[in-house]
Structures are given as structure tokens and as C-alpha cells.
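Laboratory data are not the source of any read-out in this text; all were calculated from the coordinates shown. It should be emphasised that the depicted structure is a prediction, and the values quoted were computed from it without experimental measurement.
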Amino acid sequence: MGTTIIWALLTGVVTGGTWAAIVLLGRQHRLAEQQIGMRLELERRLDELEGIERRLAELEERVDFTERLLPKGGKSHQRSTSGQDPVVLDTADGDSGR
């Protein structure tokens, strides 16, 4: 009788361990798939960010170029953000008028 109980307990432990291993391996497989998806998404976002950085650098160059041109022109037209008529700026003395 004692041998039967020990055998039953050992069988339960082995069976439980096997099921636990199956569940853990399944979870590990799902996590690995999620990690691949997350890595692809991260690479896509990094590529997008690099594109934005290139566009920003180009815009900075354009602003620098424009800033260098403005003082040479004397007067320049600047659009109002309110949609009104352009404002004429006299860069020599800093006054502005319409």
C-alpha cells in the first residue's frame, strides 16, 4: 500500500511538471513572437524619426539661409499670421508699418 501511494505521488509530480513545462513553453513562444513584432515596430519608428531629423536639418538650413538674406535686402515683406495684409519691415532701423 505505501508503495502505491509513493508511486501515485511521483506520477502526479511528473505529470504536473510536464504540464507546467508545456504551459511555460507556450508562454515563452508567445512572448518571443511579441518581441519580434515590437522590434519591427521599433525599427519602423526609428526610420521615421531619422526622416524627421533629416527634414528638420533641411529646414534649419533654409532658416539660416533666409536669415542671412534678410539684412541684405533692406526692406522685406512679412505675412501676418492673422491673414491680414503683409507687413513691410524696414530692417535698417527696426520700424514696421503697413
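Subtracting the Cα-Cα distance of Thr66 and Thr4 from their residue separation scaled by 0.36 nm leaves 13.2 nm. Considering region 4-62, its Cα convex hull presents a mean projected area of 4.5 nm².
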